[in-house]
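Notes follow the structure.
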Amino acid sequence: MKSFAQNLLIILSAIFFAFPSLTINAQPLDELLNRGDQFTEEFDNQKALDVYLKANSLYPDNWEVLWRISRAYVDIAEHMPTNTSKEQDAQLEIYQKAFDFADKSVKLAPNQSITYLRRAIANGRIALFKGVFSVAGVVNTVKADCEKAIELGNGGNYFQALAHYVLGRTHAKTSEKWKPARAVLGLGWADIDIAITEYKKAIQLYPDFKMFYLDLAHAYIREDEYAKAKDMLNKTISAPIKDEDDEDRDKEAKKLLSEIKNK
C-alpha cells in the first residue's frame, strides 16, 4: 500500500505535467512586466519583446501583457530597414502583429484606455504605411479609438497625453488633403485647428516631451504662425531625452529653426 508521501508525489507530478506553467520557478507576472518595461526605457525593444512574450506564455490572455507586446512590435517595426519591397512587407507584417495583440487586449479589457490607445497606434502605423487616403476606414478607427481612450480617462497623465497627441496627429495628417476630396472618403472631420488643440492638451498633461512640441511646431508652420512655431522648436531642443528618436527630433527642430528664422 502506497504511503501518503508517495500518493502526494504522484498527485503533484500529475499537476506539473498537466499545467507546466504552474511551477514554483515560474516568474511572477509583475516581475516580468517590470523587467520588460526596463528594457523599453533603455530602448532595447527586442529584449523587451522577448520578456513580454515569455510573460504571455506563462500568463496567457492577460491584457497588461498583450498591450505591451503590441508596443514592443511597433517600436521594433519603426526602426526596421525599408529599402526593398521584401523589407517593407516584413515591416507591415510586424505592424499587423502589433495590431493583433492590441486588438486582443481591447477585447479583454474594454474599460482600459491603454488598450484602445495601443490599437490606435498600431492601426495608425498601418495607415501611414498603406497611405492614409487609401485606407479611410482604418483612419476612422484610429480616431474612434483615441476618442474612446480619452473618454475612459484612465491610465495616468502620460497615456492620456499620448491619446490626445495621436488624435491630434491623426487630424493633422488627414487634413493635409483638400477637404472636399477627403470628405468623399468619409474623412471630412479632419481639422488642423483641432490638431493644434489636441497637441496643446497633450503638452499640458505631459510637458517636456520633444515629440509633442515638434508636431505642434509643424502645425503652427502650416498655419504661418512662425513665432509660435519657433517657441515650440526651441522647447523641443531644450526638452530632456525620453524617447529613442529624440536625438533625430533635435536635428529636425534645429533644421526647421534655420529654415524659418527670417519669417
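Computed from the coordinates by the stated procedures, all read-outs in this text should not be read as laboratory data. Because the structure is a prediction, the values reported are computed rather than measured. Heads up, the Cβs are rebuilt from the backbone with ideal geometry, glycines too, and the neighbour counts pull from every protein chain shown.
Quick look at the numbers
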{"read-out": "Rg/Rh (Cα only; Kirkwood hydrodynamic radius) as it applies to the range 184-259", "value": "1.02"}
{"read-out": "Span from the the range 221-250 Cα centroid across to the the range 187-219 one, whole angstrom", "value": "12"}
{"read-out": "Kirkwood-Stokes translational diffusion coefficient of the chain, alpha-carbon pairs, 25 °C, 0.890 mPa s, µm²/s", "value": "120"}
{"read-out": "The range 104-128 versus the range 23-101: alpha-carbon centroid distance in Å", "value": "14"}
{"read-out": "Per residue Cα convex hull volume in Å³ - calculated over the range 111-233", "value": "90"}
{"read-out": "Low-density loop cleavage sites - GluC sites (Glu not before Pro) in the range 170-230, where at most 16 other Cβ are within 10 Å (DSSP)", "value": "Glu176, Glu223, Glu225"}
{"read-out": "Positive-end residue, the chain charge dipole about Cα centroid, Cβ charges, pick of Val166, Phe209, Ala136", "value": "Ala136"}
{"read-out": "Total charge dipole magnitude, the chain, about the Cα centre, Cβ charges on Lys, Arg, Asp, Glu only, Debye to nearest 20", "value": "500"}
{"read-out": "Hits among aspartates and glutamates - C-alpha to C-alpha of Lys177 under 17 Å, sequence gap 8 or more where chains match", "value": "Asp191, Asp193, Glu223"}
